[in-house]
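The values are calculated or read from the model by the stated rules, or taken from the named source; none is laboratory data. All values reported here derive from a predicted model rather than from experimental measurement. Cβ sites come from the backbone with ideal geometry, for glycine too, and all protein chains shown count toward neighbours.
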Amino acid sequence: MDKEQIDKIVAKYHGEPSALIQILLDIQSENRWLPGEALQMVAEALDVPLTRIQHIATFYKAFSLVPKGRHEIHICMGTACHVRGASRVLDTVEGHTGIKPGETDLDMKFSLETVNCLGCCALGPVIEIDGKPHGRMAPAKALEVLKNYE
Amino acid sequence: MPRINSPGELEAVRREIESQADRAKPCVLICAGSGCIASGAAEVIAAFRAEIENQGLAVDIGTKGTGCHGFCERGPVVVLYPEEICYLQVKPEDVPEIVSKTLKGKEIVERLVYADRATGEKASRESEIPFYKNQQRHVIGSNVRIDPKSIEDYMALGGYTALSKALCDMTAVEVLGEIKKSNLRGRGGGGFPTGRKWEESRNAPGDIKYVIVNADEGDPGAYMDRSVLEGNPHSVLEGLIIGGWAVGACQGFVYVRQEYPLAVENLMIAIEQATEYGFLGQNILGSGFDFKVTVHRGAGAFVCGESSALMTAIEGKAGEPRPKYIHTAIKGVWDRPSVLNNVETWANVPLIIARGADWFTQFGTEKSKGTKIFSLVGKINNTGLVEVPMGTTLRDIIFKVGGGIPGGRKFKAVQTGGPSGGCIPESMLDLEVGFDELSKVGSMMGSGGMIIMDEDTCMVDVARYFLDFLADESCGKCVPCREGIRQMLKILTNITQGKGKEGDIERLEELAEVAGYAALCALGRTAPNPFLSTLKYFREEYEAHIRDKKCPALSCKELIAYYIDPNKCRACMTCSKQCPSNAIDGGKNRIHVIEQDKCTKCGTCFEVCPSRFGAVTKISGAPVPPPIPEEARIITRESKQK
Amino acid sequence: MSEILFTIDAKEVKATEGMTVLEAAKSIGVFIPTLCHHEKLEPYGACRICMVEVETGGRTRIVASCLYPVEPNLVVRTRSQTIDKIRRVLIEEMLAHAPDSVQLDELAKEYGADRDRFEKEPSFCIHCGLCVRYCAEIKKKNALGFIDRGARREISFIPKLAAEECWNCKECFELCPTSALQAAYVLAQALSPV
């Protein structure tokens, strides 16, 4: 991300320091992760300490300080999915991709995250890949779904 | 659209919208809530539009994507007006038939109407389906008839007349009085009286005050606020503006989690429309009252549902709670008086103002008035959103509305109140739901999540699950929460893995007690509840795990083994083909055997074994029988011999 | 400022409005243990060691004395069975992180805490935040801050700032109740590319 892009986002919020989280969300959604230089630029543009930005970027789940893979897998671990066996789905996906939640594989193919409720409880267990929900998952079915991604 | 400058102009515009809408004109209403979208509603909407166009009916028949209908289990839900015929689990390929048969020929497509899973009884209208019939849908009911992206739809149903009444016919004190009289209690957590909170802020010193919508619904398994905000955003905005008037606040915030993109989108559109019509901005409806709303997207932290943490987040900081020895109603955002209520609470406000506190108080119990939306999920037939009067029994919600437990399994417990709540056992199913009633049995109302658990759910694992959730979601500031939860989680994990020791229960109890007394905020103080309530009602399960290394629900992975009963296995190869870890030895006419050292206990074999065989079983607390000798594994089939 | 009368451990106290219970206790020589409190810094309320019982309007509550504002006729008890139990368990929880802390050791003796109650996982930090807050509030440098949340929360230096500012300051080192901050600092320096 270059300075111009960052300045544009900052300007959208009139350089208001209280909009820090909103600004980081916009950068995250445009760039899919928060590079260190971007954080430095935001700190200077808003005149807020880098410590505060670092805390926010690691405190909230929406932010990532490392680049993401081509496909983002979100496995719902909400209570409804949990009682319907979501952890068995997670185990299987972990085994297949070789990564744990929060990680990206070496080929940059998949990033894996657990989420706390996608609110599609009727379809549980649910996994979401690149924003598309796949419902009524079971370990073997989840592997079938993953095969469709390159 | 014209700016509306007085109650008279509002009424005129409303009449015009009504007269333009031909009530007899057929309309296809398709649920476009997140749940149905996930089941393919967007494709169904597109199919209807294309098919209606193709058949040359575009002028005569309308289509509309609406807010959430609540019956998520059978989505996508389609309702055909004016006959109110309801079709469930509609797929794009069903659409041509619906258009030809029902819209043109007024004939019902039998296979798409509701059929009771147990009795087979059919119901073709939404109002006749038991799921809907046993509800009282004051707040969520309008969702069905509204395109959330259309302010005119909301106005056609009388939207913003409550605002007009509040601003132009009532004083701020009268509005406050009406809310106090209604006994409305906060629908987001503790059930604090809304009117009292408003009054506290109103009377607090300071010129600048805030009213805030908490749409950071973070309880896993709860999504009623999302459905209201997504499906009827104007009802929340109208409530908020009325609240601003009553409290004396000119600025409102909506704190909405960015994980709800559709809610954010619909809310932004609603704010824009309300501003254009003049329901937001300067001199609203000519009353002299100014009010504006700012949206703050939450970046993903459960703790931000706690009021002081949410306010810290609005200030643009990491959402750490602050001590509340001085209420946030007095010292909130930037230390100014701030009223925070959740989505459902705000959505009740226009109803109370429009219809009066006396109308509202006729529903519910003595101390819990009105209706409450619950999200009924887990091991339940009718997953969905349910709105019933306070005081309805758990049994009625779960069995009459929810349709009971699937697969003939036995009900075990219902978890209410999210991670701060608790599990309620079968013996208490006749409990009437209300704020105080649920607290009395060791759970709480919370925001209205209701997770149904059956005999296959392990209660120790449920406690471990919630503590795991909270260990991740704690802000980490104070010791009893950060360290207490961490230690509790370690002990509970050990128990579920068969490494529990004598004294573990007592250690857990002490950590729970200290967190309950000493944690800084409500998240930490209530964190032990999932443990305490499961211990209270299911102590024997804890003891079985610790003493006998046995999981009675056959759920804890480390304490169970999968086993194929050689007397039942018909060597059909269904399980061996699907096992993701190739742990099943067997073949055609060769009885299958699970190689225990390869098995990852994913449960696939158990799920796929044809029910007529039922050969795969789970064993806990006892050794797995040794595999039968190779020579005994061959099945000779009589039919083949002949 | 109006004068407020109340009692702490049955001793009468005169305090002024806006004072905390902890400050009032100190003014009459009643000792309440603290770990995250510092006179020059804003009250923080994280360690919870200073919890006391307060009785007001017939209702007893357990509150953090470093934050709780004084009020007329308050009855404060700085020790009781419950308070001692809370402090004991909190000390045991913190000892798992900082087994060699002298301050924790002294508290452990006073409250009968079992040093080995919980498995040791020395991170040396009990998250009192004194270093972070001192650097931000007094020195206004913000050279170190908190990162992450829940059980994963830790303190972290901004390497560039630390390289520029910390060597000549080090004022936060002596505030650390586990005496481990210096180690953390050196570590950050070692890892820094500067």
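Just a few scattered comments:
- With respect to the stated conditions, C:P122 fails to be away from chain A (no Cβ under 11 Å), surrounded by 20 or more Cβ atoms within 10 Å (Cβ to Cβ) and not in a helix (DSSP H, G or I).
- Selection from region C:25-52 of residues that are within 13 Å of another protein chain (Cβ to nearest Cβ), of a type in the set (V, I, T) and over 19 Å from C:E137 (Cβ atoms): C:I49, C:V52
- Unique residue being among the charged types (D, E, K, R), outside any strand (DSSP E or B) and modelled with pLDDT under 95 when the list is B:K101, B:K64: B:K101
- Within region B:110-121, the residues that satisfy the criterion of being of a type outside the set (S, T, Y) and farther than 11 Å from B:C86 by Cβ are B:E110, B:R111, B:A115, B:D116, B:R117, B:A118, B:G120, B:E121.
- The requirement of being within 14 Å of another protein chain (Cβ to nearest Cβ) and of a type outside the set (V, I, T) is not satisfied by B:A622.
- Output for region C:153-165, where each listed residue is in contact with a helix residue (DSSP H, G or I) (Cβ under 8 Å, 6 or more places away or on another chain) and within 13 Å of another protein chain (Cβ to nearest Cβ): C:R153, C:I155, C:S156, C:F157, C:I158, C:P159, C:L161, C:A162
- Among the residues of region B:586-620, those identified as farther than 24 Å from A:R84 by Cβ and touching a residue at least 24 places away in the same chain (Cβ under 8 Å) are B:G586, B:N589, B:R590, B:I591, B:H592, B:V593, B:Q596.
- Scanning region A:31-84 for residues that are more than 11 Å from chain C (Cβ to nearest Cβ), assigned to a loop (DSSP other than H, G, I, E, B), crowded, with 18+ Cβ neighbours inside 10 Å and more than 20 Å from the chain's Cα centre (by Cα) turns up just one, A:R84.
- Residues that are in contact with a Leu (Cβ under 7 Å, 6 or more places away or on another chain) and either of a type in the set (G, A, S) or at pLDDT 95 or above (or both) occur in region B:604-625; there is at least one.
- Pairs, first of a type in the set (D, E, K, R) in region C:116-129, second at pLDDT 90 or above, C-beta under 7 Å, six or more apart: C:R117/C:E92; C:E119/C:A96; C:K120/C:A96; C:K120/C:P99; C:E121/C:A96; C:E121/C:H97
- Residue list for region B:308-341, filter: within 11 Å of chain A (Cβ to nearest Cβ) and of a type in the set (V, I, T): B:T312, B:I314, B:V333
- Matching entry among C:I32, C:I62 (being assigned to a loop (DSSP other than H, G, I, E, B), of a type in the set (V, I, T), at pLDDT 95 or above and in contact with a helix residue (DSSP H, G or I) (Cβ under 6 Å, 6 or more places away or on another chain)): C:I32
Residue by residue, here is whether (1) more than 30 Å from B:I495 (Cα to Cα); (2) within 12 Å of chain A (Cβ to nearest Cβ) holds:
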site	(1), (2)
B:L554	no, no
B:D565	no, no
B:K588	yes, no
B:T600	no, yes
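Per-residue answers, yes or no, for (1) within 14 Å of another protein chain (Cβ to nearest Cβ); (2) in a helix (DSSP H, G or I); (3) surrounded by 23 or more Cβ atoms within 10 Å (Cβ to Cβ):
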{"site": "B:E230", "(1), (2), (3)": "yes, yes, yes"}
{"site": "B:L237", "(1), (2), (3)": "no, yes, yes"}
{"site": "B:G243", "(1), (2), (3)": "no, yes, yes"}
{"site": "B:L262", "(1), (2), (3)": "yes, yes, no"}
{"site": "B:A270", "(1), (2), (3)": "no, yes, yes"}
{"site": "B:A274", "(1), (2), (3)": "no, yes, yes"}
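- Those helices (runs of 4 or more DSSP H) lying entirely in region B:155-213 with at least 1 residues of a type outside the set (A, V, I, L, M) and within 27 Å of the chain's Cα centre (by Cα): B:172-182, B:194-203
- Selection within region C:53-95: residues that are closer than 19 Å to C:E17 by Cα and under 18 Å from the mean Cα position of the chain (by Cα). The member of this set that is farthest from the other protein chains (Cβ to nearest Cβ) is C:S65.
Matching residues to (1) within 25 Å of B:V254 (Cβ to Cβ); (2) assigned to a helix (DSSP H, G or I):
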site: B:F374; (1), (2): yes, no
site: B:G391; (1), (2): no, no
site: B:A413; (1), (2): no, no
site: B:D436; (1), (2): no, yes
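- Matching residues, region B:59-82, being within 14 Å of chain A (Cβ to nearest Cβ) and under 17 Å from B:G40 (Cβ atoms): B:C68, B:H69, B:F71, B:C72, B:E73, B:R74, B:G75, B:P76, B:V77
- Criterion: within 14 Å of chain C (Cβ to nearest Cβ) and buried (at least 23 other Cβ atoms within 10 Å of the Cβ) - qualifying residue of B:V514, B:V460: B:V514
- Matching residues in region B:467-484 - criterion: being more than 15 Å from B:C304 (Cβ to Cβ), in a helix (DSSP H, G or I) and either within 7 Å of another protein chain (Cβ to nearest Cβ) or among the small types (G, A, S) (or both): B:A471, B:V479, B:P480, B:R482, B:E483, B:G484
Conditions (1) farther than 15 Å from B:M155 by Cα; (2) hydrophobic (A, V, I, L, M, F, W, C); (3) surrounded by 16 or more Cβ atoms within 10 Å (Cβ to Cβ), marked per residue:
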| residue | (1), (2), (3) |
| --- | --- |
| B:P2 | no, no, no |
| B:E16 | no, no, no |
| B:K25 | yes, no, no |
| B:G35 | yes, no, yes |
| B:S39 | yes, no, yes |
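- Taken over region A:129-150, the criterion of being within 19 Å of the chain's Cα centre (by Cα) and either part of a helix (DSSP H, G or I) or surrounded by 15 or more Cβ atoms within 10 Å (Cβ to Cβ) (or both) is satisfied by A:I129, A:P133, A:H134, A:L146.
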